[in-house]
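Please read the structure below before turning to the comments.
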Amino acid sequence: MKILVINCGSSSLKFQLIDSDTEEVLGKGLCERIGIDGSVINFTPAGRDKIVREVPMPDHNKAIELVIEALTDPDNGVVRELSEIGAVGHRIVHGGEAFTKSVVIDDKVLAAIEEVSDLAPLHNPANLIGVRACQKAMPGVPMVAVFDTAFHQTMPEEAYLYGLPYGYYEKFKVRRYGFHGTSHAFVSRRAAEIIGRPYEELKLIVCHLGNGASVSAVKNGKCIDTSMGLTPLEGLIMGTRSGDIDPAVVEYIGQKDGKDLAGVMNVLNKKSGVFGLSGDLSSDFRDLEAGYNKQDPGATRAIMTFAYHVVKYIGAYTAAMDGVDGICFTAGVGENSPLVRRLVAGRLSFLGITLDEEANDVHGKERTISTPDSRVRVMVIPTNEELAIARDTAALVG
Ligand code: AMP
């Protein structure tokens, strides 16, 4: 079945058409600046050049129209007619406690997603706009919602509760949810295949290190803890997000720097992380690595602090699972930065880990990077959230 995978943001829309039988990507693209001047759609049919068009996109309905036009274009399209597309899989950021797995979208599901939108006010409304635009353009085609939070819903209470008045959980559902769940699920399952033992018997740690970054502990096939919280701001130091801080910092910065709550939150979300730590050099690890290699103090500080926090989480999750069989690196930095992997794995000798320096020198390829005598297997496993969404969609509507 041909499945259209949609990842809709407030002003962007990423799409891929995947054949779920062969798992081949038939075409993929991106609409940018939706609702803003200078909208652009780019589309790359498999094995052919990228086509870039500047077309006004006042809203997501127009964007979906253009996506369908691109996919069915007689010259550069990848399907002859729209009816060849059997289903649509949508990435939905927050499923709250309502969704523990992917579901076929109906009116009840849409209402439930809307109900938890307060928890992800930047993401869920945009995701829903994408669903509705697709429903309008492709009536009758089954749609599936795949949630970033669903995989983490197996966390026990002791892992998801904060040390706050319990009433905040009861009344407002304030708790840790975790994100990047589709990636953590995909990568941990693949790790079990690589190790060659049942998923249900393994203790795995997945380090999803991208612009957003999170770690998860997956024990016996279930997520038992993860570093992101109520929102994606908690946990590891990220590109521009602070990750864990003393909550009292919010009030203190507000007073010292004359900022209101929104101003401080903007600093924590957009000006912090490796970007802020580097002295505003860059949030991109390629720039930071270049700086590190030239002994730039800001870049070095940012990378060392980032890596240290990853090490701390790995230590904590090893304790939480009472051991670890495999550690996986994935996402932009995890897949492409031998330096970050070395700085992390180099501090894990207490786990009996020895890094194979030569194997570690890879970019974007699946590979074991620990030596054969290493007590814990360390792996680079490229994530593929779109394929995971297509698989879930095919399983539910196939
Ligand atoms: P993601 O959010 O998973 O797309 O990851 C994006 C991040 O991956 C970028 O901001 C870069 O910092 C990082 N990245 C991508 N390619 C490389 C590379 N070759 N070396 C180091 N970092 C990279």
If you take the residues of region 207-260 that are among the β-branched types (Val, Ile, Thr) and free of Cβ contacts under 8 Å to residues at least 40 places away in the same chain, which of them is nearest to the ligand (Cβ to nearest atom)?
Val218
Quick one: His123 ticks every box in (1) closer than 27 Å to Val215 by Cβ; (2) open to solvent by 60 Å² or more (accessible area, probe 1.4 Å); (3) free of Cβ contacts under 8 Å to residues at least 60 places away in the same chain bar one, so which box is it?
(3)
Within region 1-13, can one find any residue that is part of a loop (DSSP other than H, G, I, E, B), open to solvent by 80 Å² or more (accessible area, probe 1.4 Å) and touching a residue at least 40 places away in the same chain (Cβ under 8 Å)?
yes
I need every pair where a residue in region 275-287 that is within 16 Å of Ser242 (Cβ to Cβ) and more than 14 Å from the ligand (Cβ to nearest atom) has its Cβ under 8 Å from the Cβ of a residue that is among the aliphatic types (A, V, I, L, M) and open to solvent by less than 40 Å² (accessible area, probe 1.4 Å), sequence separation at least 6 or different chains.
Gly276/Val267
Please go through region 277-313 and give me each residue that is open to solvent by less than 20 Å² (accessible area, probe 1.4 Å) and over 16 Å from Arg347 (Cβ atoms), ordered by number.
Ser278, Ser282, Phe285, Leu288, Gly291, Gly298, Ala299, Ala302
Among (1) over 20 Å from the mean Cα position of the chain (by Cα); (2) at pLDDT 95 or above; (3) surrounded by fewer than 18 Cβ atoms within 10 Å (Cβ to Cβ), where does Leu343 come up short?
(3)
Every residue in region 346-398 that is within 22 Å of the chain's Cα centre (by Cα) and of a type in the set (Gly, Ala, Ser), please.
Gly364, Ala388, Ala390, Ala394, Ala395
Please find, within region 314-336, the residue that is farthest from Leu202 (Cα to Cα) out of those that are surrounded by 24 or more Cβ atoms within 10 Å (Cβ to Cβ) and within 11 Å of the ligand (Cβ to nearest atom).
Val333
From (1) touching a helix residue (DSSP H, G or I) at 6+ places or on another chain (Cβ under 7 Å); (2) more than 10 Å from the ligand (Cβ to nearest atom); (3) part of a helix (DSSP H, G or I); (4) over 15 Å from Val206 (Cα atoms), pick out the condition that doesn't hold for Val311.
(4)
Check region 31-45 and report whether any residue there is in contact (Cβ under 8 Å) with a residue 24 or more places away in the chain, touching a helix residue (DSSP H, G or I) at 6+ places or on another chain (Cβ under 9 Å), open to solvent by 30 Å² or more (accessible area, probe 1.4 Å) and more than 24 Å from Ala395 (Cβ to Cβ).
yes
Could you please tell me which pairs satisfy a Cβ distance under 6 Å, a separation of 6+ or placement on different chains, a first residue in region 315-337 that is free of Cβ contacts under 8 Å to residues at least 40 places away in the same chain, and a second residue that is part of a helix (DSSP H, G or I) and open to solvent by 10 Å² or more (accessible area, probe 1.4 Å)?
none
Can you find, within region 50-89, the residue that is farthest from Val131 (Cα to Cα) among those that are over 27 Å from the mean Cα position of the chain (by Cα), assigned to a loop (DSSP other than H, G, I, E, B) and acidic (Asp, Glu)?
Asp75
Residues in region 192-202: is at least one away from the ligand (no atom under 16 Å from the Cβ), in contact with a Pro (Cβ under 8 Å, 6 or more places away or on another chain), more than 24 Å from Val103 (Cα to Cα) and open to solvent by less than 10 Å² (accessible area, probe 1.4 Å)?
yes
So, Ser242, is that one open to solvent by 10 Å² or more (accessible area, probe 1.4 Å), over 12 Å from His152 (Cα atoms) and modelled with pLDDT of 95 or more or not?
yes
Where in region 184-290 are there helices (runs of 4 or more DSSP H), lying wholly inside it, with at least 3 residues that are under 26 Å from Arg301 (Cα atoms), among the basic types (Lys, Arg) and under 18 Å from the mean Cα position of the chain (by Cα)?
none
Quick one: is Val93 surrounded by 21 or more Cβ atoms within 10 Å (Cβ to Cβ) and in contact with a strand residue (DSSP E or B) (Cβ under 9 Å, 6 or more places away or on another chain)?
yes
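The values are calculated or read from the model by the stated rules, or taken from the named source; none is laboratory data. This one's a predicted model, so the numbers in the text were calculated from it and none came from an experiment. We place every Cβ from the backbone using ideal geometry, glycine too, and count neighbours over all the protein chains shown. Ligands, DNA and RNA are stripped out before the accessible areas are found, and what is left, the full protein with its side chains, is counted by its heavy atoms. Shrake-Rupley method; radii C 1.70, N 1.55, O 1.52, S 1.80 Å.
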